[in-house]
Amino acid sequence: MTSTGLQDKRWLDPDATPFIEFRNVSKTYQGVPAVKDVNLSIYQNELFCLLGGSGSGKTTLLRMLAGFETPTSGSVWIDGVDVTDWPPYERPVNMMFQSYALFPHMTVYDNIAYGLKRDGMPKPEIRERVEELLGLVRLSGFANRKPEQLSGGQRQRVALARALAKRPKVLLLDEPLGALDKNLREDTQLELIKIQESLGMTFIVVTHDQEEAMTLATRIGVMDEGYLVQTDEPHTIYEYPSSKYVADFIGDINLFECVVTETESGDLSLYSAEIEAGLCPPTSFAAPLNQTLWYAIRPEKMRLSREPVDADNVLSGIVHEIAYLGDFSVYWVDLDSGFRIRVSRPNISRLDHFAESWDERVYITWGQDAGVVLTQ
Ligand code: ADP
Ligand code: MG
């Protein structure tokens, strides 16, 4: 079912033709910029996630692709054609809105069939199409219900079926799972991936939820204040964030401000005044002496020990607090400098001796390439 071979990762192929392109797209509302000079290529069959905080420009970018907004400058391309001035109904794109209001007086069947009827599709074809869609979203047998007789998750799936009814080449989904609670959300995320894969369509999903983006996406575009600040596969965004903003937005991370120094033997080293410690930079590190930058290390990349450890990167401190989160625990450790860091440990064994280590001295180590250095 899932195909993750290299041949599907068209973005890695410099000769591949993008299906959707934003070229230097900016949008300003009454002099206030909402989207700033976005360049983005999305490929066929991608499940692309736009991720960013509230007000970062995600919806505006999507609306410009759907044709509900016109860029202030730049152009939007679909399938090799400049569609910047095309009205929404001429674009091979459908959008499922943030508030996916169904028609309350209509049955599930009529909600899904609505656009097809308006287009004058013959009745038997409509019936066939709607039944196929009901099967796809696992609602066969619900055709005659009214929206009020459905759960939140079921309503969301009807809205998805309705958005898919006209078989758009691209489906835009703006916070599609925002109204669902956590468990239902996770189930529906997997459903969405299955549906997208089985239809071989291009989905662009807007979310402010980083876990959702990590679960769904072939690639993630991170937005911050109108800028598209990083576009990469989920694991690359997580392991190699391009800035402090991305590092901090996606998952938990410890950030130490450092300057570049030199060891007695002439190797590059880092010194962080805020943690009062020297750090060993990653193997491929290169930067001018005295430059200020940030060392970033994820909590799960660090190891905790009660015994002193001899390693390149060692910090020491007192356990301030432990949060038990079921599958793992987070340890807040106060370093001697007063700087507080987070270290996480998987809860592999049920009787975990470490769980009683409040107010104890611990040593924290990690491998040379477990952290990354960020310059912005
Ligand atoms: P997001 O979807 O990431 O939360 P939006 O794209 O909705 O962000 O908004 C980006 C910025 O543009 C925000 O500052 C928002 O207030 C502003 N904005 C969005 N739509 C309009 C509009 N129709 N008129 C004026 N400002 C708008
Ligand atoms: Mg929005």
Between Ala34 and residues 5 or more places away or on another chain, the pairs with built amide H atoms under 5 Å apart involve Lys27, Thr28, Tyr29
Gyration tensor on Cα atoms of the range 50-201, a ≥ b ≥ c root eigenvalues, a/c under 1.5 rounded, else prolate if a/b beats b/c, else oblate, says oblate
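To the nearest 0.05, how large is the calculated FRET efficiency for Ala311 and Gln149 if R₀ is 56 Å and r is the Cβ-Cβ distance?
Using R0 = 56 Å, I get an efficiency of 0.35.
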Residue-normalised 222 nm signal for the chain, counting each DSSP H run of n ≥ 4 as -39,500 (n - 2.57), nearest 500 deg cm²/dmol, is -6500 deg cm²/dmol
At R0 = 35 Å the Cβ-Cβ FRET efficiency linking Lys182 and Leu268, nearest 0.05, sits at 0.20
If Asp232, Asp8 are placed from fewest to most neighbouring beta carbons inside 10 Å, the sequence is Asp8, Asp232
Exposure proxy check on Leu289, Leu51, Leu65: fewest-to-most Cβ neighbours within 10 Å is Leu289, Leu65, Leu51
The convex hull of the Cα atoms of the chain, divided by residue count, gives a volume in Å³ per residue of 191
Between Ala370 and Ser349, the two model label points (7 Å from Cα along the beta-carbon direction) sit apart by a distance in nm of 2.0
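Kindly work out what percent of the DSSP beta bridges joining two residues of the chain are antiparallel, to the nearest 5.
75
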Proxy exposure order for Glu300, Glu274 (fewest C-beta within 10 Å first) is Glu274, Glu300
Heads up, the range 212-255 by the C-alpha gyration tensor (a ≥ b ≥ c square roots of eigenvalues; a/c under 1.5 rounded, else a/b over b/c prolate, else oblate) looks oblate
Simple SL model, points at 7 angstrom along Cα→Cβ for Tyr89 and Val330; separation in nm is 5.0
Nearest-0.05 FRET efficiency for Thr283 and Glu321 at R0 = 30 Å, using Cβ-Cβ distance, is 0.35
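Computed from the coordinates by the stated procedures, all read-outs in this text should not be read as laboratory data. Everything numeric here is computed off the predicted structure, so don't read it as measured data. With ideal geometry, Cβ positions are generated from the backbone for all residues, glycine too; neighbour counts draw on all protein chains shown.
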